[in-house]
1. Before we move on, is S129 hydroxyl-bearing (S, T, Y) and in contact with an Asp or Glu (Cβ under 9 Å, 6 or more places away or on another chain)?
2. Given (1) farther than 30 Å from S90 by Cβ; (2) loosely packed, with under 14 Cβ neighbours inside 10 Å, where does W192 come up short, assuming only one miss?
3. Do we find that A133 is in a helix (DSSP H, G or I), more than 15 Å from I24 (Cβ to Cβ), open to solvent by less than 40 Å² (accessible area, probe 1.4 Å) and at pLDDT 90 or above in this structure?
4. Of the residues in the range 165-184, how many are free of Cβ contacts under 8 Å to residues at least 40 places away in the same chain and in contact with a helix residue (DSSP H, G or I) (Cβ under 9 Å, 6 or more places away or on another chain)?
5. So R175 ticks every box in (1) within 16 Å of L20 (Cα to Cα); (2) of a type in the set (D, E, K, R); (3) in a helix (DSSP H, G or I) but one. Which box is left unticked?
6. Sort through F144, F132 and tell me the only one that's under 30 Å from R36 (Cβ atoms) and in contact with a Phe, Trp or Tyr (Cβ under 7 Å, 6 or more places away or on another chain).
7. I'm trying to understand the selection: among the residues of the range 147-163, which are in contact (Cβ under 8 Å) with a residue 40 or more places away in the chain and either open to solvent by less than 30 Å² (accessible area, probe 1.4 Å) or hydrophobic (A, V, I, L, M, F, W, C) (or both)?
Amino acid sequence: MLVSLSGVVIVADSHMAMVLPDDISERISAFVAGKRAFPFIEKDELACVMYLYGRSAGVRQESEVAEATGLAQRTAGQMSVEIDGYLNSSAGKLDSEYIRSRYLNRELQLAVEKKNGAGRLAGDPAILSDCFAQHVAFYRQDYFFGLYGPLKEGELTADIRGALLGRMVMVCYNRKSEQELGSHPLIPVYVWFKERLQRQSSNI
């Protein structure tokens with residue numbers, strides 16, 4: 001049974017994005033169009049997937065924190081299964097044409113379901129998860145997850161407080177541990193939200 005989050009189920013009130021590399025949407029679009037080959041993230045590049053819990057209503061009660069934590073653990077487990085699946089599969093599953101066909105099939109599915117439309121494939125959570133898992137498996141990289149929050153006012157700058165205050169965030173990096181990053185794991189998330197909010201305000 002899912003715990004209600006101010007009338008919204010936590011699963012429905014979550015969001016996923018790939019915040020590093022910062023041009024990942026353009027790279028995926030170019031790959032699907034046949035203008036780039038796999039891998040389109042370099043081995044030494046930092047990749048980061050972000051999961052936001054309580055996007056609309058925040059995570060306020062202990063029961064909500066427990067539910068978000070449980071969801072994060074299941075998500076991390078599923079990502080690990082996906083990476084292991086690619087690691088243990090034939091080399092053909094990490095071939096440019098095979099991966100491109102998977103992305104195109106997902107694009108067709110989204111069009112049929114009328115969820116995102118063809119132009120939104122690069123922001124689709126299923127594609128982004130697949131993209132991260134494929135590159136980590138291709139390079140045989142280590143990876144780690146970190147879960148933070150609910151985030152407090154003192155942990156956030158004023159410009160992103162509205163989007164992140166009271167929320168929980170999980171990140172996954174293609175590195176062995178937090179120590180290899182050289183900065184706090186949430187910094188790229190903060191930058192991503194700041195740039196996104198700036199773009200939204202400039203379009204008003």
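The values are calculated or read from the model by the stated rules, or taken from the named source; none is laboratory data. Every value quoted in this text rests on a predicted model; they were computed, and no experiment measured them. Positions of Cβ are backbone-derived with ideal geometry, glycine not excepted, and every protein chain shown enters the neighbour counts. Areas reflect the complete protein model, heavy atoms only, side chains present, ligands, DNA and RNA absent. Shrake-Rupley method; radii C 1.70, N 1.55, O 1.52, S 1.80 Å.
1. In short, yes.
2. So the condition that W192 fails would be (2).
3. Details: in a helix (DSSP H, G or I): yes; more than 15 Å from I24 (Cβ to Cβ): no; open to solvent by less than 40 Å² (accessible area, probe 1.4 Å): yes; at pLDDT 90 or above: yes.
Considered against the rule, which asks whether it is in a helix (DSSP H, G or I), more than 15 Å from I24 (Cβ to Cβ), open to solvent by less than 40 Å² (accessible area, probe 1.4 Å) and at pLDDT 90 or above, A133 comes out as no.
4. Step one: list which residues in the range 165-184 are free of Cβ contacts under 8 Å to residues at least 40 places away in the same chain, which gives 176-180, 182-184.
Narrowing the set further to residues that are in contact with a helix residue (DSSP H, G or I) (Cβ under 9 Å, 6 or more places away or on another chain) leaves 184.
Here the count works out to 1.
5. That leaves (3) as the condition not met.
6. Values: F132 fails: in contact with a Phe, Trp or Tyr (Cβ under 7 Å, 6 or more places away or on another chain).
Checking each option against the conditions leaves just F144.
7. Within the range 147-163, the subset in contact (Cβ under 8 Å) with a residue 40 or more places away in the chain is 147, 149-150.
L147 - this is the single residue of the range 147-163 that is in contact (Cβ under 8 Å) with a residue 40 or more places away in the chain and either open to solvent by less than 30 Å² (accessible area, probe 1.4 Å) or hydrophobic (A, V, I, L, M, F, W, C) (or both).
Table: residues versus (1) under 25 Å from M170 (Cα atoms); (2) exposed (fewer than 12 other Cβ atoms within 10 Å of the Cβ); (3) in contact with a helix residue (DSSP H, G or I) (Cβ under 9 Å, 6 or more places away or on another chain).
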{"residue": "K43", "(1), (2), (3)": "yes, yes, yes"}
{"residue": "C48", "(1), (2), (3)": "yes, no, yes"}
{"residue": "E67", "(1), (2), (3)": "yes, no, no"}
{"residue": "G92", "(1), (2), (3)": "no, yes, yes"}
